[in-house]
Amino acid sequence: MSSSPVISSDKARPEERRSCSRGVLNHYVVLVYFGEDNWGKLTNMSEGGMAFEFSRPPALHERVNFTFQVMGCMPMPHDASVLGESFEAAGEVVWLREFERIAGVRFVDLAEVNRKHIRQWLSFEASTSTVAATEGAKEEELALAAELTESPLPPA
């Protein structure tokens, strides 16, 4: 008996070396300011680091001070006050893909208050995703129920 090889997707990376898995922020845009008049858009984040798209590349292996600012969340829920707060963190640029205009950063000496802030952003994202998925499933169920009540039964 032979077995076929297992093909892994990009999401399941066995070579993953990060101590914390990164969360993707889909429900709001976070701008990352660094250096003199330089900025980028956060693509994913964890307590250990982040990846971001940049307008101008940072220097590889450079220690950089970053400022994070949420630009929008549609609609802004009443319990999302943490999203309106900006914060700063220092990090080292550990990889850079200039062609894709994306860089990876490992946070350095992250203060506990900033670690908490990151946890809040990620938990807000997770709860928003769960609510959206639940609402989507309810809409599908209602549409199916409406379709079933409108469809005549086939003759017996």
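The values are calculated or read from the model by the stated rules, or taken from the named source; none is laboratory data. Since this is a predicted model, take the numbers as computed values, not measurements. We place every Cβ from the backbone using ideal geometry, glycine too, and count neighbours over all the protein chains shown. Please note that ligands, DNA and RNA were not included when accessible areas were found on the heavy atoms of the full protein model with its side chains. Shrake-Rupley method; radii C 1.70, N 1.55, O 1.52, S 1.80 Å.
Quick notes on this one:
- Pairing residues of segment 44-67 that are over 21 Å from Glu112 (Cβ atoms) with residues that are open to solvent by 50 Å² or more (accessible area, probe 1.4 Å) and among the aromatic types (Phe, Trp, Tyr), at Cβ distances under 6 Å and at least 6 apart in sequence or on separate chains, gives Ser55/Trp39.
- Residue count for segment 69-102 under the criterion of being open to solvent by 40 Å² or more (accessible area, probe 1.4 Å), at pLDDT 80 or above and either on the phi > 0 side of the Ramachandran plot or in contact with a Ser or Thr (Cβ under 9 Å, 6 or more places away or on another chain) (or both): the result is 4.
- Some residue of segment 130-150 being at pLDDT 80 or above, open to solvent by less than 100 Å² (accessible area, probe 1.4 Å) and more than 19 Å from Val29 (Cα to Cα): no
- Residue, farthest from Ser86 (Cα to Cα), within segment 13-31, restricted to residues that are modelled with pLDDT under 65 and open to solvent by less than 60 Å² (accessible area, probe 1.4 Å): Cys20
- Some residue of segment 103-118 being of a type in the set (A, V, I, L, M), open to solvent by 30 Å² or more (accessible area, probe 1.4 Å), at pLDDT 95 or above and touching an Asp or Glu at 6+ places or on another chain (Cβ under 9 Å): yes
- Yes/no for Phe34 being touching a Pro at 6+ places or on another chain (Cβ under 9 Å), modelled with pLDDT of 90 or more and either at positive phi or open to solvent by less than 50 Å² (accessible area, probe 1.4 Å) (or both): yes
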